[in-house]
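The structure that follows is given in the form of structure tokens.
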Amino acid sequence: MKKSQHIKKIRRAVIWLSLMLLLPGIVILTSCSDSNKQSESSNRKSAQTENLGRSRSMRGIQPVSKSAAKVKQKRLAMVVGNSDYEKSKLKNPVNDARSMARLLRRLDFDVDLVENGKRREMVSKMNAFGRKLSQVDVGLFYYAGHGIQVKGRNYLIPTDAVLESEGDVEFEAIDLGRVLSKMEDSRCPLNIVILDACRDNPFARSFRSTTKGLALVDAPRGTMLAFSTAPGSVAADGEGSNGIYTKYLLKNIERPGLSIEEVFKQVRIGVVNETNGKQTPWESSSLMGSFHFQESNEGTATAAKTNNTTSTETAALTPAQKPVPDVSEPAPRASANNAAPKPQAQAQFKTVPKAKPVQKAKPKQVASIKRQPAAAPAVKRPQLSAEVRKYIRMLESTNAKDQRYAAKKIYKNYLHNRTLLEVVNQQLLRGYKKRTNNRLYVDTMSWFCNVLGRSQQSRYAATLEKVADSDVNRKLKKYARKNLKYLQ
């Protein structure tokens, strides 16, 4: 008994000793595994930061991977329009600046708009613009107004500038190099400078030199410089609500899928055609990659391609382009026996009408058309309810009271009905130009503006811009500007 108890005690002691020896090893192993896990996580984080740094350095350039494409760019713009000069007032620069500001806001730009800026205001705004550029991916500077060149340098003219001689330009005007240096120092990946400032020099009489337009400037790296006309030439202010150059810029800059180079190319084509070659826009670029103001929609592009291919195929099968010969009767062979046909045979050929051979060949045309791939079935439009048809009739009537009643009902219940919104848009485009002080008519047009604005459909922004920029009733312009904010 004593021996067995002694053996048990020895076993217990051995077990305790083994446990005491194993515990430190287990602790060491777990700590090593934890450190390995931490090192792996730190490596992953460093790799992610490197990738982010690379994407940061390539901002403003079109991304290659799908994950990078989903990252939203930070865009900043400063828009200046100067019209109210003491000596030579301009008609369109302020309108151009407002239109550009609205357009750029729709394209996700954070816009700082300056209207009829004085020198101190423009300088302070430019300094703030330069500080913000280091935090964004794309920077854009737009200027419309008077601009002159003196001794090979370009200057933007504030509205309070007093220029009695060339020596005053350096102190009264703003050197374009100041803007370019701000952009270059910020190290923003992509900078865009648009100058619609090559109009006549209103101070030319007091200057020694008579150089017209602006001087050619080399764009810094990563910058696109766009001029409304060629160096040394003069641009027209335009007869409409916008200048010629800005008009085509507004028309093309929002087109999806166009690169920045293609946008300015289309602008140049439009301006040259309208001015009969008198004005040719000019660009100086040192961009390192591609940039799109508005990304393309792949679905619409593929649909357009398929429509084009099917239309060309069907056009190739039309009988007007490819007449089918008469294959029902074999043509006689040229030989000595049938070289001179008999008079009776000639009479038979004369009596046969010419249209019959084409009629006999029609089945072959149908067979060739049947070989085409089957066209997609036409999409059936949903039937309109009786109430919607009623509102359409009221909108299309000439009674302003009925039109206003229908607009109010649509505003309350049918802001998402595409058919009714299109009818309202058409009626507003037809009626806003009418100059009348009829209170009921103006109230109706104002309700149309309310409907389009509260629909939150960006495609109606162009209509509200036309109303806001036109010379119509003040109340109507006020409602158009007010509702335009909902679409920006």
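Filter segment 58-104 for residues that are under 24 Å from residue 132 (Cα atoms) and among the polar types (S, T, N, Q); which is modelled with the lowest pLDDT?
Of everything passing the filter in segment 58-104, 62 is modelled with the lowest pLDDT.
Quick check on my filter: what residues within segment 277-299 are more than 12 Å from the chain's Cα centre (by Cα) and at pLDDT 85 or above?
Listed by number, the residues that qualify are 277, 278, 279, 280, 281, 282, 283, 284, 285, 286, 287, 290.
Filter segment 173-189 for residues that are modelled with pLDDT of 90 or more and not aliphatic (A, V, I, L, M) and give the result.
175, 188, 189
Looking at this structure, is residue 472 touching a residue at least 40 places away in the same chain (Cβ under 8 Å) and β-branched (Val, Ile, Thr)?
Spelling it out, residue 472 is indeed touching a residue at least 40 places away in the same chain (Cβ under 8 Å) and β-branched (Val, Ile, Thr).
While we're looking at this one, here's another question. Could you tell me whether residue 161 is among the small types (Gly, Ala, Ser) and outside any loop (DSSP other than H, G, I, E, B)?
Against the criterion (among the small types (Gly, Ala, Ser) and outside any loop (DSSP other than H, G, I, E, B)), residue 161 does not qualify.
Right, something else. Quick check on my filter: what residues within segment 223-276 are within 14 Å of the chain's Cα centre (by Cα), acidic (Asp, Glu) and either at pLDDT below 90 or in a loop (DSSP other than H, G, I, E, B) (or both)?
If the condition is that a residue be within 14 Å of the chain's Cα centre (by Cα), acidic (Asp, Glu) and either at pLDDT below 90 or in a loop (DSSP other than H, G, I, E, B) (or both), then 254 is the only one that fits.
A further question on this structure: What is the number of the single condition among (1) touching a strand residue (DSSP E or B) at 6+ places or on another chain (Cβ under 9 Å); (2) at pLDDT below 90; (3) not in a loop (DSSP other than H, G, I, E, B) that residue 194 does not meet?
Checking residue 194 against (1) touching a strand residue (DSSP E or B) at 6+ places or on another chain (Cβ under 9 Å); (2) at pLDDT below 90; (3) not in a loop (DSSP other than H, G, I, E, B), the one that fails is (2).
Just to check your reading of the model, which residue among 395, 440 is modelled with pLDDT of 85 or more and in contact with a Lys or Arg (Cβ under 7 Å, 6 or more places away or on another chain)?
Being modelled with pLDDT of 85 or more and in contact with a Lys or Arg (Cβ under 7 Å, 6 or more places away or on another chain) holds for just one of 395, 440, which is 440.
Please verify whether residue 422 is closer than 27 Å to residue 105 by Cα, of a type outside the set (A, V, I, L, M, F, W, C), out of contact with any Gly (no Cβ under 9 Å at 6 or more places or on another chain) and in contact (Cβ under 8 Å) with a residue 60 or more places away in the chain, treating the condition exactly as stated.
Here the answer is no, as residue 422 does not meet what is asked.
Right, another one. Restricting the search to segment 156-178, which residues are within 15 Å of residue 217 (Cα to Cα) and surrounded by fewer than 23 Cβ atoms within 10 Å (Cβ to Cβ)?
Those that are within 15 Å of residue 217 (Cα to Cα) and surrounded by fewer than 23 Cβ atoms within 10 Å (Cβ to Cβ): 175, 177, 178.
Ok, one more. Check residue 159 against each of (1) under 28 Å from the mean Cα position of the chain (by Cα); (2) under 30 Å from residue 485 (Cα atoms) and name the one condition it does not meet.
(1)
The values are calculated or read from the model by the stated rules, or taken from the named source; none is laboratory data. Computed from a predicted model, the values in this text were never measured in an experiment. Every residue, glycine as well, gets a Cβ built from its backbone with ideal geometry; the counts of neighbours run over all protein chains shown.
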